Amino acid sequence: MKKFIIILLLLSMIKNNVAAQDVNNPDKPITSQDYLKKARAQKTAGFIFLGVAAGSIAIVAPGNTSMGTAGILGGLGVASLITSVAQFIASGNNKRKAQLMPTTQKTAYFRNGREKNVTGISLKIPLGK
């Protein structure tokens, strides 16, 4: 059972890292939508790890488990808690990157028939908090 849980955690971490790579088109520029999608996935993973941490600590807290099981579940809970915090921080960083990227891209047409992508820049002013 211990090996299964450890393998499951490792596979979920590997899946999150591999899913961020676009193997079909590596030269494609990363857009703000890509960053937002990644941030949402990381936030979901953070909540899942937080739930695993809360569940494992809730099982160990009453003291009805043996010492070996309590150590394993306690360690799993602490590791999941640390992982969830890291996922939440990474999610916030990716969301901030998406907000800082230019969001509008339009095509400008010139008189000589050329087309050129023109990036628009927006200014965000927070009014109260």
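The values are calculated or read from the model by the stated rules, or taken from the named source; none is laboratory data. The model shown is predicted, which means the values in this text are computed figures rather than measured ones. Here the Cβ is made from the backbone with ideal geometry for all residues, glycine too, and neighbour counts use every protein chain on show.
Numerical summary
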{"read-out": "Matching residues, the stretch 71-102, being surrounded by fewer than 16 Cβ atoms within 10 Å (Cβ to Cβ) and in a helix (DSSP H, G or I)", "value": "Gly71, Gly75, Val78, Ile82, Val85, Ala86, Ile89, Gly92, Asn93, Arg96, Gln99, Leu100"}
{"read-out": "Selection count where residues are at pLDDT 75 or above and part of a loop (DSSP other than H, G, I, E, B), scope the stretch 15-53", "value": "2"}
{"read-out": "Residue within the stretch 104-117 that is over 25 Å from the mean Cα position of the chain (by Cα), surrounded by 10 or more Cβ atoms within 10 Å (Cβ to Cβ) and either within 19 Å of Gly46 (Cβ to Cβ) or at pLDDT 85 or above (or both) present", "value": "no"}
